[in-house]
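My questions all concern the structure below.
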Number of protein chains: 2
Amino acid sequence: MAHPLARLTDRLAATRPDFPWEIRWLDGSSSRYGDGVPRAALVFNSASAIRRMLTGGVLGFGEAYMNGQLDIEGEILELLRFGFSEPFLGRMTSRGQRLTTALQPWRWWNSLRKARRDVTHHYNLGNAFFHLYLDESMNYSCAYYKTEDSTLEQAQADKMEHICRKLQLQPGMRLLDIGCGWGGLAIHAAKRYGVEVLGITLSQPQVEYAQELAEREGISDRVKFANRDWRNIGETFDRVVSVGMFEHVGRKNYPRFMAAWKQLLAPDGVSLLHTIGKDVVTVPDPWTQRYIFPGGMLPALHEILEVAGSLDLVPVDIENLRLHYALTLEEWLRRYQANVESVREMYGERFVRMWRFYLAGSAVGFRYGDLRLWQLTLTHGIPNDLPLTRAGLYKD
Amino acid sequence: MAHPLARLTDRLAATRPDFPWEIRWLDGSSSRYGDGVPRAALVFNSASAIRRMLTGGVLGFGEAYMNGQLDIEGEILELLRFGFSEPFLGRMTSRGQRLTTALQPWRWWNSLRKARRDVTHHYNLGNAFFHLYLDESMNYSCAYYKTEDSTLEQAQADKMEHICRKLQLQPGMRLLDIGCGWGGLAIHAAKRYGVEVLGITLSQPQVEYAQELAEREGISDRVKFANRDWRNIGETFDRVVSVGMFEHVGRKNYPRFMAAWKQLLAPDGVSLLHTIGKDVVTVPDPWTQRYIFPGGMLPALHEILEVAGSLDLVPVDIENLRLHYALTLEEWLRRYQANVESVREMYGERFVRMWRFYLAGSAVGFRYGDLRLWQLTLTHGIPNDLPLTRAGLYKD
């Protein structure tokens, strides 16, 4: 095989000689790499898949997979791991990719209307769909694994607790949860810490689900949910938290978002920003932008801190939980696969493959790639009465 | 008093109406602020002090104090706290200050020769001098107070232990300590964790002191000290640490320093950078530059992270220990005052006042001002076998 793709796959295979896998070409022939039974196979069903993998980067590969022009058999995580090895990444700095990069700034402004549309796109898939693979509390963000053996349910409960401890919640405090999702964290905080919570989201199904949950728990007097944007709050809270929402804000909005954050947070107040991010400034991956999170954008840690610092939002603790998100996504993928027939009935085969590629690709990105999970504790100014150490986060 | 200085001090006093203090003017009159017995007094001994305080910012005030043109009686920390209140800070954005800011980039390059000269200036004051106020292990950096009641000795031991835990030291590993001071951390790590250490500093008195200490402890086979610069090492270590040295590197050198750091640190290695810093990019305080740390410069956290991120040095944990440095400096100041007669004998009254102003001003800067203590844990690349949580840092 002198085909350029074979040259690429040879180079990919050389990065992990111990991993046995194979490629099955269009003509029925196959290339085997590593010793032993192949743990994964890349199967080409169409010539266009080969072309797109060579020239289209993640977008081309992802679309070819969605459309069935190529298949992945066996261990999808191990196979996608090649996507973060140098030979594949090198291809991504293609001319087309560089053009996308150059044009990106024009797309960075997310208006309120666009924000609503983007969120609708993703989260209004319906609660029933997300129930198929999330935990019972519907936490759609990185869990916190005290050990690798934790169940997803335990790890999500531990995540909510870890965040509440970082926030130094006290009974009677008022907490704002920006991007509250299905209300899990807001309800946890109100039940365990006796705080009053306002949770906001742009997804009406989430508001309704969360309200019902609060009523069932008998705390709907203390926990309110609203279909509102962070631009339209106009109150001050002792504590502010946002989990997995900053990814939708958009680079151009960072100063405006953080300025609003500061206004929402009382002086000497404590806040926690939990977001996927990067080490360096990057443009959004085009496949994820097109199919999963239109308007989504991952911040470099230093971008957040530069804006926060200029606003007197002072970091006191920053934790990188990337391996926790890898574990979370790996478990989501297992549950998704176990329920894949239901997904197929709801949305068809192309969607099934699209969402699988999203979950698996993200898991691999956190474990082997450039994805990070930043959890930042930020104070408004410099309160001097907080605990001296973080030991309290780790009390049994 | 229609004097412009009286207008300024009236505005300062208004920021803390509960704090009783007084000003004693040249003509023998005094202004009293707050109710009750004055806890501090600002005493003017010369007309030029008044002029310099109005126009010279920290530099003018500090020099007037050093020269005895003004005195501070009573609680110096409480009085200097006014230096971080808006009315005084507002004056600092004067034309002269802005000019200094504009010219600063030309001074940012610290050559090796200049680095040697700067370090000599400060640390070669002599071990005997630093013994007068540091702890017995001669830790000349922020301690770690598990409680406010810890002794300085305990807090410095706890600091060294906290750092060793963050570094995930294992027996047999090789550790590089860049800016090892008098060797306290290197010796702690070798004794407690069985690692081999190379400690480097540009101060010959420090090298000799540390070597002697290692010999007395019977571990000089495993702990070496050398008068060397970070530019001239040419080896790789499992772990790299630097405590209170980055402040001397200089803004223009950050990329070069962090690139050297990456080369010194083995792939998948863990490192810890402990440095005073800021939330935003600032130019050095001119008084501190001139009298205490020539060539010193405090980094904004985002500056460090932007450089680190571009070099694949990945933050896993960042802690802001500013209150710990306030506690440390407050204790150093107490010990310094207790031994002030010895300092006076060694270096005279002007030095006594200069060093007191440095210790007190820094303490106040950490507690009420814009000084931060950043402790960053950075990995070379993304090792996947580190502990999932930070709980191990807080085990008894």
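The values are calculated or read from the model by the stated rules, or taken from the named source; none is laboratory data. None of these values were measured; they are calculated from a predicted model. Neighbour counts run over all protein chains shown; Cβ positions are idealised from the backbone, glycine included.
State which residue is farthest from A:ILE233 (Cα to Cα) when the search covers only segment A:202-221 and only residues that are buried (at least 22 other Cβ atoms within 10 Å of the Cβ) and modelled with pLDDT under 95.
This residue is A:GLN206.
If you don't mind, there's one more thing I want to ask. For B:LEU176, work out the one condition from (1) in a strand (DSSP E or B); (2) free of Cβ contacts under 8 Å to residues at least 60 places away in the same chain it doesn't fulfil.
Only one criterion in (1) in a strand (DSSP E or B); (2) free of Cβ contacts under 8 Å to residues at least 60 places away in the same chain is unmet by B:LEU176, namely (2).
For the subset of segment A:317-341 comprising residues that are within 14 Å of another protein chain (Cβ to nearest Cβ), of a type outside the set (D, E, K, R) and under 14 Å from the mean Cα position of the chain (by Cα), which member is nearest to B:ASP317 (Cα to Cα)?
Among them, the one singled out is A:ASN320.
For B:GLY172, only one of the following conditions fails: (1) within 14 Å of chain A (Cβ to nearest Cβ); (2) farther than 17 Å from B:GLY244 by Cα; (3) of a type outside the set (Phe, Trp, Tyr). What is its number?
(1)
Does B:ALA260 fit the bill of being small (Gly, Ala, Ser) and away from every other protein chain (no Cβ under 14 Å)? Don't jump to the end; show me each part of the working.
Numbers: small (Gly, Ala, Ser): yes; away from every other protein chain (no Cβ under 14 Å): yes.
Judged against the criteria, B:ALA260 is a match.
Right, A:PHE357: within 24 Å of A:LEU42 (Cβ to Cβ), part of a helix (DSSP H, G or I) and facing chain B (nearest Cβ under 10 Å) or not?
So A:PHE357 does not fit the description; no.
Here is a further query. Output the residue which, of all residues in segment B:96-124 that are touching a helix residue (DSSP H, G or I) at 6+ places or on another chain (Cβ under 8 Å) and outside any helix (DSSP H, G or I), is modelled with the highest pLDDT.
In this case the residue turns out to be B:ASN124.
May I pose another question? Working only within segment A:30-55, note down all residues that are assigned to a loop (DSSP other than H, G, I, E, B) and without any contact (Cβ under 8 Å) to a residue 12 or more places away in the chain.
Residues satisfying the conditions do not exist here.
Might you check whether a residue that is at pLDDT 95 or above, hydroxyl-bearing (Ser, Thr, Tyr) and touching a Pro at 6+ places or on another chain (Cβ under 8 Å) occurs anywhere in segment B:63-84?
There is no residue in segment B:63-84 that is at pLDDT 95 or above, hydroxyl-bearing (Ser, Thr, Tyr) and touching a Pro at 6+ places or on another chain (Cβ under 8 Å).
Please specify each residue of segment A:121-158 satisfying the condition of being surrounded by fewer than 20 Cβ atoms within 10 Å (Cβ to Cβ) and within 14 Å of another protein chain (Cβ to nearest Cβ).
A:LYS146, A:THR147, A:GLU148, A:ASP149, A:SER150, A:GLN154, A:ASP158
Condition test on B:TYR145, is it touching a residue at least 40 places away in the same chain (Cβ under 8 Å) and either at positive phi or assigned to a loop (DSSP other than H, G, I, E, B) (or both)?
Yes: the conditions hold for B:TYR145.
Among what's in segment A:361-388 and is out of contact with any strand residue (DSSP E or B) (no Cβ under 9 Å at 6 or more places or on another chain) and part of a loop (DSSP other than H, G, I, E, B), pick the residue that is surrounded by the most Cβ atoms within 10 Å (Cβ to Cβ).
Among those that are out of contact with any strand residue (DSSP E or B) (no Cβ under 9 Å at 6 or more places or on another chain) and part of a loop (DSSP other than H, G, I, E, B), it is A:GLY369.
Among the numbered criteria (1) of a type in the set (Phe, Trp, Tyr); (2) surrounded by fewer than 22 Cβ atoms within 10 Å (Cβ to Cβ); (3) over 26 Å from A:TYR368 (Cα atoms); (4) modelled with pLDDT under 95, which single criterion is violated by A:TYR254?
Tallying (1) of a type in the set (Phe, Trp, Tyr); (2) surrounded by fewer than 22 Cβ atoms within 10 Å (Cβ to Cβ); (3) over 26 Å from A:TYR368 (Cα atoms); (4) modelled with pLDDT under 95, A:TYR254 fails exactly one: (4).
Of all residues in segment B:159-184, count the ones that are surrounded by fewer than 18 Cβ atoms within 10 Å (Cβ to Cβ) and polar (S, T, N, Q).
Summing the residues that are surrounded by fewer than 18 Cβ atoms within 10 Å (Cβ to Cβ) and polar (S, T, N, Q) in segment B:159-184 gives 1.
What are the residues in segment B:1-28 that are more than 17 Å from B:ARG81 (Cα to Cα), in a loop (DSSP other than H, G, I, E, B) and touching a strand residue (DSSP E or B) at 6+ places or on another chain (Cβ under 9 Å), if any?
Answer for segment B:1-28, where residues must be more than 17 Å from B:ARG81 (Cα to Cα), in a loop (DSSP other than H, G, I, E, B) and touching a strand residue (DSSP E or B) at 6+ places or on another chain (Cβ under 9 Å): B:MET1, B:TRP25, B:LEU26.
What is the number of the single condition among (1) touching a helix residue (DSSP H, G or I) at 6+ places or on another chain (Cβ under 9 Å); (2) part of a helix (DSSP H, G or I); (3) over 19 Å from B:CYS164 (Cα atoms) that B:ALA226 does not meet?
(2)
Also, I was wondering about something else. Among the residues of segment A:58-72, write down those that are assigned to a strand (DSSP E or B) and β-branched (Val, Ile, Thr). I'd like the intermediate steps shown before the answer.
Going through segment A:58-72, the residues assigned to a strand (DSSP E or B) turn out to be A:70-72.
The one that is assigned to a strand (DSSP E or B) and β-branched (Val, Ile, Thr): A:ILE72.
Would you confirm, using the coordinates I've provided, whether A:TYR325 is at pLDDT 95 or above and buried (at least 18 other Cβ atoms within 10 Å of the Cβ)?
On the way: at pLDDT 95 or above: yes; buried (at least 18 other Cβ atoms within 10 Å of the Cβ): yes.
In short, yes.
A further question follows. What pairs come up if the first residue lies in segment A:295-316 and is facing another protein chain (nearest Cβ under 7 Å), the second is aromatic (Phe, Trp, Tyr) and surrounded by 22 or more Cβ atoms within 10 Å (Cβ to Cβ), and their beta carbons are under 9 Å apart, counting only those six or more places apart or on different chains?
Note: pairs meeting the criteria are A:LEU301/A:TRP374; A:PRO315/B:TRP374.
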